[in-house]
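The values are calculated or read from the model by the stated rules, or taken from the named source; none is laboratory data. Just so you know, these numbers come straight off a predicted model, no measurement behind them. For neighbour counting, all protein chains shown are included, and Cβ atoms are generated from backbone atoms with ideal geometry for every residue, glycine included. Just so you know, the surface numbers come from the protein's heavy atoms only, side chains and all, with ligands and any DNA or RNA stripped out. Shrake-Rupley method; radii C 1.70, N 1.55, O 1.52, S 1.80 Å.
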Amino acid sequence: MAIEFISGCKAAAEAARLANVDVVAAYPITPQTSIVEYLAKDVSNGRLKAEMVLAESEHSAMSACVGASMVGARAFTATASQGLALMHEVLFYAAGLRLPIVSVIVNRSLASPVSIFADFKDSLAQRDTGWLQFYVESCQEILDSVLIAYRVIEDSRVLLPAFVCMEGFVLSHLSEPVDVPDVQTVSKFLPACDPKYPTLDLKDPKIFNVMAFPDTYEEFERDKQISMLNAFEALQEAYQDFEKIFGRKYQDVETYRVEDADIVLATMGAAAGTAMMVVDQLRSLGERVGLVKVRTFRPFPRRQLREILSHARVVGVLDRDLSIGSTGILFQELQSSLYNQPQRPLMQNFIAGLGGRDIHQGTIGAIFQSLKDTLQKGFVEKNLNWPDENREVLSIWGLPVDHDD
Amino acid sequence: MTTNYTIKTLPDLEQVAPGRSGCDGCGAVMAARWISKITGQSTIMVNATGCMCVNYGYAGAPLHPYIHSLFENTGSILSGIDAGLRALGKRREVNLVGLAGDGGTVDIGFQSLSGAVERQHRFLYVCYDNEGYMNTGGQRSGATPYGSNTATTPVGSEQQGEGLSLLRRKNMVLVMAAHGIPYAATASIAYPLDFMNKVKKAIEIDGPTYLHVLAPCPTSWGFASEESVKIGKLAVETRFAPLYEVEQGKKIVLDRRRSKGTPIIEYLKAQKRFSHLLKPENQHRVDEIQSQIDESWRYLESLAQE
């Protein structure tokens, strides 16, 4: 093992190399490009023995991953934003074929208007495709999560593809010290690819992707649902082994100072790091606040979240996304998870960080202040809140600044 | 290059189980059967959405590994299989074949096919051209010929069928040849031995190869199911769908013997989709089709001379 000072993109590429992937199929899109560039260099230098498919689109890149995976090869891709949207159709297809493909998503907004900066709209818009989704907070977590993802999705209990999502620029172009393990150590955690699913095999000819009529289609969906939920068990085992081998501990839901907290903020991704600092500051002032970071978004850890939040009186959800016409997406998931609890917390949604707007300590401080007000009032005045909206722009555009969403 | 098959030396073994559910006289089913007769038990086939995934793949006809791709990604699924097999050291044992209709090839699948051949993946791609979206009921595609009465270009009081301002179909073989691929050719189900020998030639090449097979469609073209071969022959004889091969993107071999230049009216009058063209007021359209065919033939001849 060696500590290296590397970016999120480099960490993703190192993980794919350490996973000894057989096929890398990708198409360039900012801010994902350097992942594939690093892998191309590794292949060019003989550091990784893999086939590169430099596809003519993301739709084809994902299709090439499907083709490779269909003959039993370990396939890897990375994309973002428009590229992920273009893959959309093939995502359902890959999940339906039960192919354990890993795609790193470097989260970026979607046009129009154009933005190359981070929010989670691209990957969260794919939440119903049957892919596992992990959201990470640091460059180390990117590397580790790719290895964990392969291990879990190649498990015969799961056999579904997975995203490992990091915020564009915030993590992709941030350099941090990362512990890069050696190949031998990784092979103890992630064995060589040995497909546990039917492949296009001359010795055992099969026909794939035929039609399911109404008497069976629903059961195919059910099967995927069960396998997706099986991932929790496979993930727990993987986390335990990972900790034993590498000394780093992961959970589907990570918590910070929530044990006695009246007010808990839930979020995903890199904002969790900033929020931890704010929690510490507020704790030092005597406020009983805590933080929940949802790492595994698909499958959604409903049971774990119910337990963790069973004593919270107010829960805020910071969403770096918005389902237009409704609320933030993490908020929807979390609120529905808690609905049947006998003692539900009050819940408030905060939309921030869209299109790459930085999520500052000040923004998070304002969110906690709003949650504290709610606790004191005992009811939620405003469900959906924009703690960092640019009021000057809204006013120039003639939009209401205190609109009740 | 090994010797060509004759009717006596063709493989006996079929790779197609009985019981497929295509229309009687379906040209595409014949094409699929004859492809795998040559590519054999080592075939892995990728088949785009269209008639053949429904009446061939779903019917359990292929005895070799087979996957129904999406509509537009046959080329890129082939790319991934080729890359995956290479990475695993299994490439040599497999005859990799793509099968798609004209919609899946010249329209929606064009980009992924172009990318796959540009990247020099090794596979044989066969387009069975029935000149429209026949699986969905006979709508117009980018391969539908001028003057056709289709479900989306119906003959009416104001319009006389497909693309009256469009003078020429997309020539997919020349487009593929322009990628500089080692082998691209036309073929017809009316000449099975010629077709199968082209499959044989293509599959032996280490690189992307392309066959464009005219597959007459009794259901949507409007002829009796026992006439598929006759219609296929007329298409070749009238030079509507001439037989030729293009090697390395430049050397063109034109089958002048079979494409003898029978007047196009013989082909048109045999199919209901062109019946409106037989009216006296549409004579100029028939003349226009004949002149397009003559012009295309002269163009092919000019390429063949170089």
Taking the Cα centre as origin and putting +1 on Lys and Arg beta-carbons and -1 on Asp and Glu beta-carbons, what dipole magnitude results for the protein assembly as shown, to the nearest 20 debye?
1680 debye
Selection from A:MET62, A:LEU48, A:THR30, by position along the positive dipole direction of the range A:2-246 (Cβ):
A:LEU48
Rounded to the nearest 10, the angle in degrees between the Cα long axis of helix A:58-70 and the longest principal axis of the Cα atoms of chain A comes to 50 degrees
Return the subset of A:LYS10/A:LYS41; A:LYS49/A:LYS206; B:LYS37/B:LYS200; B:LYS170/B:LYS200; A:LYS203/B:LYS200 for which the Cα-Cα distance in this structure is over 18 Å, preserving the input order.
A:LYS49/A:LYS206; B:LYS170/B:LYS200; A:LYS203/B:LYS200
Per the 1.4 Å probe, what fraction of the accessible area of the range A:167-226, in percent, lies on carbon and sulfur atoms?
57 percent
Report, in whole Å, the centroid distance computed from the Cα atoms of the range A:331-405 and the range B:4-24.
67 Å
With only helices counted (DSSP H, runs n ≥ 4, each -39500 (n - 2.57)), the per-residue ellipticity at 222 nm for the protein assembly as shown, to the nearest 500, works out to -11000 deg cm²/dmol
Here the protein assembly as shown gives, from Cα atoms, an Rg and Dmax in Å of 29.6, 96
Summarise the partner chain shielding of A:91-97 as one whole number: the mean count of Cβ atoms from other chains within 10 Å of each residue's Cβ.
1
Accessible surface of chain B [probe 1.4 Å, protein heavy atoms]: carbon and sulfur percent
51 percent
On average over all directions, what projected area in square nanometres does the range B:30-152 have, based on the convex hull of its Cα atoms?
7.6 nm²
Can you bin the range A:43-117 into rounded, prolate or oblate? Criterion: square roots of the alpha carbon gyration tensor eigenvalues sorted a ≥ b ≥ c, rounded for a/c under 1.5, prolate for a/b above b/c, oblate for the rest.
oblate
Other chains' Cβ within 10 Å of A:193-203 residues: what's the mean?
3
Near B:LYS269, which lysines are there with a Cα under 19 Å away, not counting those fewer than 8 places off in the same chain?
B:LYS230, B:LYS233, B:LYS260, B:LYS279
Normalised per residue, the volume inside the convex hull of the alpha-carbon atoms of chain A in Å³ amounts to 154 Å³
Angle in degrees between helix A:81-96 and the longest Cα principal axis of chain A, rounded to the nearest 10:
60 degrees
Largest first and in whole Å, give the semi-axes of chain B's equivalent ellipsoid, each being the square root of 5 times a Cα gyration tensor eigenvalue.
31, 21, 18
Taking the range A:123-208 as the region of interest, what is the percent of Cα-Cα pairs per 5 angstrom bin, listed from the shortest bin to the one with the maximum distance?
3, 12, 18, 18, 19, 14, 9, 5, 3, 1
Peptide A:54-62 - average C-beta neighbours from other chains (10 Å radius):
6
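Which helices pass in chain B if a helix is a full DSSP H run, must span at least 15 angstrom along its long axis by Cα, and must have mean Kyte-Doolittle hydropathy not below -0.5?
Helices passing the filter in chain B: B:27-39, B:74-87, B:192-203.
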At q = 0.16, 0.17, 0.19 Å⁻¹, what log₁₀ I(q)/I(0) does a Debye calculation on the Cα points of the range A:253-397 give, no solvent, two decimals?
-0.80, -0.91, -1.15
Inter-centroid distance (Cα atoms) of the range A:65-92 relative to the range A:240-262, Å
30 Å
